[in-house]
Amino acid sequence: MSSYEAVTEKPATATKWVVTCVVGGVIVGVSLLGAYSSQLGMFWKSRRRNKKPVRVYMDGCFDMMHYGHCNALRQARALGDQLIVGVVSDAEIIANKGPPVTPLHERLMMVNAVKWVDEVIPEAPYAITEEFMKKLFDEYKIDFIIHGDDPCVLPDGTDAYAHAKKAGRYKQIKRTEGVSSTDIVGRMLLCVRERSISDSHSHSSLQRQFSNGHSPKFEPGSPAATASGTRISHFLPTSRRIVQFSNGRGRGPHSRIVYIDGAFDLFHAGHVEILRLARDLGDFLLVGIHTDQTVSATRGSHRPIMNLHERSLSVLACRYVDEVIIGAPWEVSKDMITTFNISLVVHGTVAENNDFEKEQCNPYAVPISMGIFKVLESPLGITTTTIIKRIVSNHEAYQKRNEKKGESEKRYYEGKGHVSGD
């Protein structure tokens, strides 16, 4: 009788056989078991090593990149193991939407800095053609193509993702409510327009309404009411969203903690590059984000364009940032340095407010006196004002773009239904 028959047909005999083997052949039995366990372990390790990662692709213009873009990338990354992002070329954006505010090289910096992105494809086409889709599948080994639940319609009225859907390789994520590049451009246009149209709404009043997520009240038919071409942000911050964007890692007991603060309004490539340099100076980068009231007091009543929570999420999405202080104090105090165990406080040479050394109350007086303050040479000469000036200098083109885009967004919000997930 075979051993298999002994085990299945005669349990008692099988037990005796096992005992006999143990008594009469301990070395052989143990060595066989050890060899089997070793081989089994190697098999599972090899299987895990050879398992093909799920690669997902998402594309976009990523113009005036904001936390809505970042949240889309976060959701896309959750659908696979590796996220490859296509950044649409300037020429394709002009042909399909109008002039971009930020050029391709700046948009590439922004996308590369998002912590959920693994690889970037520059100058991607606006529409997923059959030819480009084949390239994604064959060359980049893409498994699925991802897009939000808002429609992406080409100038000829066709769906930009029709080929991916037909191939059965399309997955949809939920659009982040309350913000879009169109909306942000509209906020800036509205600020500029209000200065020239009427003094009936003070800039501080307008800024407060932006920061609180409310639309300013205008008389029906007034130029400001009819020409904005956008809906003002209705972003509602939640603790869950902040947790989703957070790294979840704390400071080590011996970490060299670097601190940098600012408004980080209209988060741009200049911000990204100075954060990268700051992070290289230590083990942990702590970023202080000033309150709306502080930004208004120091940079003008029409600032900030983005409110505190919007700015915080944009900074949190940056791969160089470990933690943020939401509503950081203007002055860096001794108590704050002690509380967070800060080793170095840094500030860039290119900033909206670089006259701090001349001010009666220098916000960096304490770290300077402690010998832990350092001025970093900013790699890029871009500020929030730079971005605003780009809009103002070509406001007519952006106005037309916003009016066109605003209509499609209006149709989306009027007809949208609930989409699970976030």
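Legend: calculated FRET efficiency, residue 385 to residue 78, from the Cβ-Cβ distance at R0 = 45 Å, rounded to 0.05, equals 0.80. Highest mean packing comes first when the peptides 381-390, 307-316 are listed by Cβ atoms within 10 Å, giving 307-316, 381-390.
About its Cα centre, region 55-173 has a charge dipole of approximately 380 debye under the convention of +1 per Lys or Arg Cβ and -1 per Asp or Glu Cβ, with nothing else charged.
Sort out for me the Cα centre separation of region 85-160 from region 264-316, rounded to whole Å. Rounded to whole Å, the Cα centres lie 27 Å apart. Can you find, among 312, 336, 257, the residue farthest towards the positive end of the dipole of region 246-376? Put +1 on the C-beta of Lys and Arg, -1 on that of Asp and Glu. So the residue furthest toward the plus end is 257. The largest accessible area among 335, 90, 265 belongs to the first residue in 335, 90, 265, and the rest follow in falling order (1.4 Å probe, all chains). Across the protein chains, with a 1.4 Å probe defining accessible surface, the residues 361, 318 rank 361, 318 from largest area downward.
Across 277, 189, the residue with the most accessible area heads the list, and the full order at a 1.4 Å probe is 277, 189. Remark: relative contact order (region 246-376) = 29 percent; criterion is Cα-Cα distance under 8 angstrom and separation of 6 or more residues.
The values are calculated or read from the model by the stated rules, or taken from the named source; none is laboratory data. On a predicted model such as this, the values are computed, not experimentally measured, just so you know. So basically every Cβ, Gly included, is an ideal-geometry build from the backbone, and we count neighbours across all protein chains shown. For accessibility, only protein heavy atoms count, side chains too; no ligands or nucleic acids. Shrake-Rupley method; radii C 1.70, N 1.55, O 1.52, S 1.80 Å.
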